[in-house]
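Participant: My questions all concern the structure below.
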There are 2 protein chains.
Amino acid sequence: MVAQAFWESFQTMTVTMKQGRVGVPCLACPLRLKPAFKDKTDDEVRFIQAMKFDHRALPAGSDIIHPGQEDAELYTLFSGWAFRYQSLPDGRRQILNFLLPGDLVGLQASLLSAAQHGIEALTDVELCVFPRRRVWDLFVRMPSLSYEIAWLGSREESLIDENLTSVGQRNAGERIAALVISLYRRADALGLVSERSFLFPLSQQQLADALGLSLVHTSKTWSRLRRSGLFSISAGRLTLLNPRLTARMASAFEREFEPRPLI
Amino acid sequence: MVAQAFWESFQTMTVTMKQGRVGVPCLACPLRLKPAFKDKTDDEVRFIQAMKFDHRALPAGSDIIHPGQEDAELYTLFSGWAFRYQSLPDGRRQILNFLLPGDLVGLQASLLSAAQHGIEALTDVELCVFPRRRVWDLFVRMPSLSYEIAWLGSREESLIDENLTSVGQRNAGERIAALVISLYRRADALGLVSERSFLFPLSQQQLADALGLSLVHTSKTWSRLRRSGLFSISAGRLTLLNPRLTARMASAFEREFEPRPLI
DNA sequence: CGTCGAATTGATATCCATCAAAGCGAGTGG
DNA sequence: CCACTCGCTTTGATGGATATCAATTCGACG
C-alpha cells in the first residue's frame, strides 16, 4: 500500500548531513512509527539523534563486528538482516540468533571488553552507529533509555534461550518449524509479512549452522517439510501455508509480542 | 584456611534484622571481598543495602522463579547453585545455564513482563532479594549500578552463547568437557577450587538436560571420560586431572575472566 | 533388611553425518 | 546465443553417533 511504498523509498533515501554524517533524522525515523515500537518522548529522540554518529550501509556478507574485536560500536539495524555467530577453532560455526530491523546490534560487544562472537550482514544492511564511548554517558543522562537497553538485552537473551532449547531438545523437523515460525512472527510484528509470505534470505548452509544440523540433512528435512505442505519458497520469499500447524509442529507456546523500545 | 573457615561460618550465619528483614549486611558481604568482584563505592553499597528487601534460604529443588511468573523479583545468589531452564509442552527440558554465587538471578524475568523460563535451586541456596518495583528507581538514581546490571546481563548472554555453540556443534564428549571446564573456571574465580577439585552437585539427568543428550548416553560418555583420566568424582566433588587436556578437548579458547560487578 | 532414586550396562533402533555425484541457476566471456 | 564456471541445492548410499528399551547395580536411608 501507500505506507509500504513510502517505507521502501525511504529505505533507499539516505540524507547526507553536515560534518560528514549521513543519516536519517531520528525524529522522522520510519521504523519508529511502526506499532512494533514504543513511543518515545521528544527529549529521548533528540538525545538519540545527538548520539547517532553515522548511518552506514554495508553489503551482504560484510563483517559488522568481528570475533574478538575490542572497540565495537553500538548499532541499531535500520534495514536488512544480520546474524550473530560463534566459531570453533576447527571451523565449525554456530549461528546464535538473527537480527531484524530495529534490533540492537553489538550491545554485548560494546559492554564487555571484547566481543565473544561475530556479527555478519545477511543481506545488504543499513546501520545507525552509536559510539561505544558514549554509552556510559547515556546511562548517566538518560535512565529511561538505559532501562530500555537493558530490556532489549534481556529480550535478545530470551530469543537465544529459545534457540538453545530448540537445538538441545527438538529434532530436525521441529527445529526448522520453530525457526520459521519465530522469524515469521518477528517479521510480522515489523509489518514485513503480506499474504502470509515474507522475505527469507537464508542459505541452507546458514540454516544448518543456526540449527546445529549438517547441510545435507538440513536440505532433506527442509524439502520434506515443503513437500508436506507446511510452507513454500519462491523468489526468495517464504509463504506459510498452515501457520497453526507449523506452530504446533514446533510445539511453540503462543508468545505475545508487546511493543518494544527502539533505541 | 582461615578465610575458608570464616566464609563457611558466615554462609550459615544469617543475621536477623529489624522489620522482619533477615540478612547479611552488604557492607560486610563476604562475597564482595573476593577478587572476582569489582570494588564499589560506599554510596553504591549503601544503595544496594537499602534496596535489599530480604535474605532468603531455600532448599535444593525449590522453584526460585516459575515459568510464566509475572511478578518475579530480582535476586543475587548469595550461596549455592541454581539453574535456568525452559520446558516444552511434552516434558522435554533444556537447562539454559547454571548460576553460581554472585550471579544475578532473574534479571530477564524482572525486566520482561513474564518469565520465559524457570529458575530452580540446584543445591540449598541463599538469595538476596531486591524488589522488582525498585529496579526502575535504581536506573534513575544509580547509573553506575544500572550500567553494571546491563553488563551482567551481557555476560550471562555470552555464557548462553557458549552453551548454544556447544550443544549445536560439539559431540557428546566435547560438550561434557566444555561444561566441566566452564564450571571449573567459574568456581575457580570464586575461590571454590582447591587442589583442582570443586563441589559438583549435578545429577546425570541435569547434565543430560543441559547438554541436550539422553540420560543413558550422558552416563556412558561421562564414565568414558572418567576412565580415560580426564577427571574423577568422589564425595560429590569433581577433580580435574588434566585441565589443559580437558580444555583442548573442549576446543576452548583461553578466555580471561576480568573482575565483574556484584550488585 | 527393604526400598527408592540414581547410575550403570547391554541390545537394538533411529536419526543424523559424511561421502560422492549430479542438478540447477546466474553470471561471464567467447 | 552458447559454453563454461561457480556457488548453491538436491539426491542416493553408507556409516556412526545418539536415542530408546530393558534390566541390573549401587548407595542412601529408614
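Participant: Order B:Ser234, B:Ser144, A:Ser87 by their accessible area, 1.4 angstrom probe, all chains in place, largest first. Numbers along the way, then the final one.
Facilitator: Values: B:Ser234 80, B:Ser144 30, A:Ser87 55 Å².
I get B:Ser234, A:Ser87, B:Ser144, largest accessible area first.
Participant: Between A:Ala60 and B:Ser203, take the C-beta separation as r, use R0 = 56 Å, and let me know the FRET efficiency to the nearest 0.05.
Facilitator: Working: r = 46 Å, r/R0 = 0.82.
About 0.75, to the nearest 0.05.
Participant: Moving on. What whole-number distance in Å separates the alpha-carbon centres of region A:176-200 and region A:77-95?
Facilitator: Distance between centres, Cα-based: 20 Å.
Participant: Among DSSP beta bridges whose residues both lie in the protein assembly as shown, state the antiparallel percentage, nearest 5. All intermediate terms of the calculation are to be shown ahead of the outcome.
Facilitator: Numbers: 68 of 70 bridges.
Looking only at bridges with both residues in the protein assembly as shown, the antiparallel portion is about 95 percent.
Participant: Separate question: Could you report the accessible area of A:Arg224 in Å², rounded to 10, computed with a 1.4 Å probe on the protein chains as they sit in the structure?
Facilitator: Its accessible surface works out to 120 Å², give or take rounding.
Participant: Which of the three applies to the protein assembly as shown, rounded, prolate or oblate, going by the alpha-carbon gyration tensor with a ≥ b ≥ c and a/c under 1.5 meaning rounded? Intermediate results must be reported in sequence, preceding the final value.
Facilitator: Values: a/c = 1.80, a/b = 1.24, b/c = 1.45.
It is oblate, given that a/c is not under 1.5 and a/b is not larger than b/c.
Participant: Using only the alpha-carbon atoms, what does region B:172-249 span along each of its principal axes? Please give whole angstrom values in decreasing order.
Facilitator: Reported extents, whole Å, longest axis first: 32, 22, 20.
Participant: Right, next: Select from A:Leu112, A:Ser144, A:Gly68 the residue farthest towards the positive end of the dipole of the protein assembly as shown; place +1 on Cβ of Lys and Arg, -1 on Cβ of Asp and Glu, and compute about the Cα centre.
Facilitator: About the Cα centre, the residue reaching furthest to the positive side is A:Gly68.
Participant: Given R₀ = 60 Å, what would the calculated FRET efficiency be for A:Glu195 paired with B:Ser219, taking r from the Cβ atoms and rounding to 0.05?
Facilitator: 0.75
Participant: No solvent, one uniform scatterer per C-alpha: report log10 I(q)/I(0) for region B:107-180 via the Debye equation at q = 0.17, 0.23 1/Å, two decimals.
Facilitator: Each listed q maps to, in turn, -0.89, -1.17.
Participant: Ratio to report: Rg/Rh of region A:130-263, with Cα atoms as the point set and Rh obtained by the Kirkwood method; give two decimals. Could you put the intermediate results ahead of the total?
Facilitator: Details: Rg = 17.4 Å, Rh = 16.6 Å.
Taking Rg over the Kirkwood Rh, I get 1.05.
Participant: Sticking with this structure for a sec: Taking every pair of alpha-carbon atoms in region B:27-149, what share in percent sits in each 10 Å bin, from 0 to the bin with the longest distance?
Facilitator: Once binned at 10 Å, the Cα pair distances of region B:27-149 give 13, 43, 34, 9, 1.
Participant: To the nearest µm²/s, what D does Stokes-Einstein give for chain B at 37 °C and 0.692 mPa s, using the Kirkwood radius over alpha carbon pairs as Rh?
Facilitator: Values: Rh = 19.4 Å.
Translational diffusion coefficient: 170 µm²/s.
Participant: How large a share of the accessible area of chain B, in percent, is made up of carbon and sulfur atoms when the probe is 1.4 Å and the other protein chains stay in place?
Facilitator: Working: 5960 of 11050 Å².
Summing carbon and sulfur atoms, their accessible area is 54 percent of the total for chain B.
Participant: What ratio of Cα Rg to 2.2 N^0.38 Å holds for region A:88-135?
Facilitator: Working it through for region A:88-135, the quotient is 1.30.
Participant: I'd like the chymotrypsin sites (Phe, Trp or Tyr not before Pro) in region B:106-189 restricted to DSSP loop residues with at most 15 other Cβ atoms within 10 Å, sorted by number.
Facilitator: On the way: sites: B:Trp136, B:Phe139, B:Tyr147, B:Trp151, B:Tyr184; in loops: none.
Of the chymotrypsin sites (Phe, Trp or Tyr not before Pro), not one in the loops of region B:106-189 has a Cβ with at most 15 other Cβ atoms within 10 Å.
Participant: Using only protein heavy atoms and a 1.4 Å probe, report how much of A:Met249 is accessible, in Å² to the nearest 10.
Facilitator: Around 60 Å² of this residue is reachable by solvent.
Participant: What's the buried accessible area, both sides, between B and A using a 1.4 Å probe, rounded to 100 Å²?
Facilitator: On the way: alone 13330 and 13320 Å², together 22120 Å².
What B and A bury together is about 4500 Å².
Participant: Using protein chains only (no ligands, no nucleic acids) and a 1.4 Å probe, work out which residues of region A:112-150 have their accessible area cut by at least 10 Å² relative to the chain alone.
Facilitator: A:Leu112, A:Ser113, A:Gln116, A:Trp136, A:Phe139, A:Val140, A:Pro143, A:Ser144, A:Ser146, A:Tyr147, A:Ala150
Participant: Comparing the chain by itself with all protein chains present, which residues of region A:172-212 are at least 10 Å² less accessible (probe 1.4 Å)?
Facilitator: When all protein chains are present, A:Glu174, A:Gly212 each give up 10 Å² or more of accessible surface.
Participant: Please give the charge dipole size of region B:76-130, origin at the Cα centre, charges +1 on K and R Cβ atoms and -1 on D and E Cβ atoms. Round to the nearest 20 debye. Present the calculation step by step, with values, prior to reporting the outcome.
Facilitator: Working: 3 positive and 5 negative charges, 42 e Å.
Taking the Cα centre of region B:76-130 as origin, the dipole is about 200 debye.
Participant: For chain A, what is the charge dipole size about the Cα centre, in debye to the nearest 20, if Lys and Arg each add +1 at the Cβ and Asp and Glu each add -1 at the Cβ?
Facilitator: Values: 31 positive and 28 negative charges, 129 e Å.
Dipole of chain A, to the nearest 20 debye: 620 debye.
Participant: Compute the accessible area per residue over the protein assembly as shown, keeping the other protein chains in place, probe 1.4 Å, unit Å².
Facilitator: Values: 22120 Å² over 526 residues.
Computed with neighbouring chains in place, this is 42 Å² per residue.
Participant: Check the straight Cα-Cα distances from A:Lys52 and name the lysines below 21 Å, setting aside those fewer than 8 residues away within the same chain.
Facilitator: Cross-link targets: A:Lys18, A:Lys34, A:Lys38, A:Lys40.
Participant: Taking DSSP loops as anything outside H, G, I, E and B, show the longest stretch in chain A free of GluC sites (Glu not before Pro) there with at most 13 other beta carbons within 10 Å. Could you put the intermediate results ahead of the total?
Facilitator: Details: sites that count: A:Glu70, A:Glu195, A:Glu254, A:Glu256.
Between exposed loop sites, the widest span is A:71-194.
Participant: Moving to a separate point now. Under a Cβ-only charge scheme (Lys and Arg +1, Asp and Glu -1), can you give me the dipole magnitude of region A:164-249 about the Cα centre, in debye to the nearest 20? Show your work: numbers first, answer last.
Facilitator: On the way: 12 positive and 4 negative charges, 51 e Å.
Here region A:164-249 has a charge dipole of around 240 debye.
The values are calculated or read from the model by the stated rules, or taken from the named source; none is laboratory data. Keep in mind it's a predicted model, so treat the numbers as computed, not measured. All Cβ positions, even for glycine, are placed from backbone atoms using ideal geometry, and neighbour counts span all protein chains on display. Quick note on the areas: whole protein, heavy atoms, side chains included, nothing else; ligands and nucleic acids left out. Shrake-Rupley method; radii C 1.70, N 1.55, O 1.52, S 1.80 Å.
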